[in-house]
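**Student:** Pasting a structure below so you can have a look.
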Amino acid sequence: MTVTDEPTTTPGYKWVGTRPVRPDGLEKVTGKARFGADLALPGMLEGAVLRSPHPHARIRSIDTAAAAAMPASGP
Amino acid sequence: MARTHVSANINGEEVEFLCDQDASLLNALRDDVGLTGVKEGCGTGDCGACSILLDDRVTCSCLVFAPEVDGATVVTVEGLASGGHLHPLQQCFLEGAALQCGVCTPGFLVAAKALLDRNPDPTETEVRYALAGNLCRCTGYDKIIRSVLDAAEAMRAGAAEATEEGAHP
């Protein structure tokens, strides 16, 4: 497997065939970009997804006792 | 749980932090040191997004307990640029469009730096081999490989220039 050739510029187009630097590229190569998972705000709540262990079933009830017992857990 | 005190050299600075005893280095770097450039992709050592240099070796930070790095040297993507100048790898990734969403990028940059630190003139095969532990789901690998080869060339040219300047002061 080899690296393919450089793309050629297509005459008559402003952007097609060019390789502009991404507007968010600098933040991303320096690790400064903030993704959703990178944010931490004061008082931020965190959630967890509880998935059904059954591929096809009717939910009759969800036992939230363990989650509710955690410190500062929300409604 | 009692928090564990850890002191390590992180990105050239002596850093002390408190972490949970069973915290992964990944979570400690992100949550306790504030270096969120280190990404979690899989948490099981398969994807390489959390790659860091631990005493100059590429390591998945999700597979290391944070207290284990006490006294060690850690480099993350945040430590690549110095004095307001991008590392040649960062510059070449930018210009070579070697990133899209950017989640795998920090791991690729760190793994590529580890390669170029020990092999300044790698072949394309050697680059592909060195980056085999890093997965990218959007850009594809060709632009990344090309950018690493370009950075290696730029760094060799820079080193040759520096030697020449030293020879003729």
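The values are calculated or read from the model by the stated rules, or taken from the named source; none is laboratory data. Keep in mind it's a predicted model, so treat the numbers as computed, not measured. Don't worry about glycine lacking a Cβ; one is built from the backbone with ideal geometry, like all the others, and counts go over all protein chains shown.
**Student:** Checking B:Ala111 against (1) touching a residue at least 60 places away in the same chain (Cβ under 8 Å); (2) farther than 21 Å from B:Val38 by Cα, which test does it fail?
**Tutor:** Tallying (1) touching a residue at least 60 places away in the same chain (Cβ under 8 Å); (2) farther than 21 Å from B:Val38 by Cα, B:Ala111 fails exactly one: (2).
**Student:** Of everything in segment B:78-121 that's in contact with a helix residue (DSSP H, G or I) (Cβ under 7 Å, 6 or more places away or on another chain) and away from chain A (no Cβ under 13 Å), which residue is surrounded by the most Cβ atoms within 10 Å (Cβ to Cβ)?
**Tutor:** Here the answer is B:Ala111.
**Student:** Here's a follow-up. When you look at B:Gly43, is it within 13 Å of chain A (Cβ to nearest Cβ), surrounded by fewer than 23 Cβ atoms within 10 Å (Cβ to Cβ), in contact with a helix residue (DSSP H, G or I) (Cβ under 9 Å, 6 or more places away or on another chain) and over 27 Å from B:Asp142 (Cβ atoms), yes or no?
**Tutor:** The answer is yes for B:Gly43.
**Student:** List, please: which pairs have Cβ atoms under 6 Å, are six or more places apart or on different chains, and start with a residue in segment B:121-149 that is at pLDDT below 95 and end with one that is surrounded by 16 or more Cβ atoms within 10 Å (Cβ to Cβ) and polar (S, T, N, Q)?
**Tutor:** Between residues of segment B:121-149 that are at pLDDT below 95 and residues that are surrounded by 16 or more Cβ atoms within 10 Å (Cβ to Cβ) and polar (S, T, N, Q), the close pairs are B:Cys138/B:Gln100; B:Thr139/B:Gln100.
**Student:** List pairs: first in segment B:60-77 and more than 14 Å from chain A (Cβ to nearest Cβ), second among the small types (Gly, Ala, Ser) and in a helix (DSSP H, G or I), Cβ under 8 Å, 6+ apart or cross-chain?
**Tutor:** B:Ala66/B:Ala28
**Student:** Identify all residues within segment A:35-51 that are of a type outside the set (Phe, Trp, Tyr) and surrounded by 10 or more Cβ atoms within 10 Å (Cβ to Cβ); write none if there are none.
**Tutor:** A:Ala37, A:Asp38, A:Ala40, A:Leu50
**Student:** Going residue by residue through segment B:19-27, is there one that turns out to be surrounded by 13 or more Cβ atoms within 10 Å (Cβ to Cβ) and within 13 Å of chain A (Cβ to nearest Cβ)?
**Tutor:** yes
**Student:** Quick one: which residue in B:Gly48, B:Gly43 is in contact with a Gly (Cβ under 6 Å, 6 or more places away or on another chain) and on the phi > 0 side of the Ramachandran plot?
**Tutor:** Exactly one residue qualifies, and that residue is B:Gly48.
**Student:** Right, here's the next one. Could you say which residue among B:Ala49, B:Ala97 is of a type outside the set (D, E, K, R), assigned to a loop (DSSP other than H, G, I, E, B) and under 25 Å from A:Leu41 (Cβ atoms)?
**Tutor:** Sole residue among the options that is of a type outside the set (D, E, K, R), assigned to a loop (DSSP other than H, G, I, E, B) and under 25 Å from A:Leu41 (Cβ atoms): B:Ala49.
**Student:** If a residue has to be outside any loop (DSSP other than H, G, I, E, B) and either over 30 Å from B:Gln91 (Cβ atoms) or out of contact with any Lys or Arg (no Cβ under 9 Å at 6 or more places or on another chain) (or both) to count, how many in segment A:29-63 make the cut?
**Tutor:** 3
**Student:** Related question: Given B:Ile52, B:Ile145, which one is within 22 Å of B:Val15 (Cα to Cα) and within 14 Å of chain A (Cβ to nearest Cβ)?
**Tutor:** It is B:Ile52.
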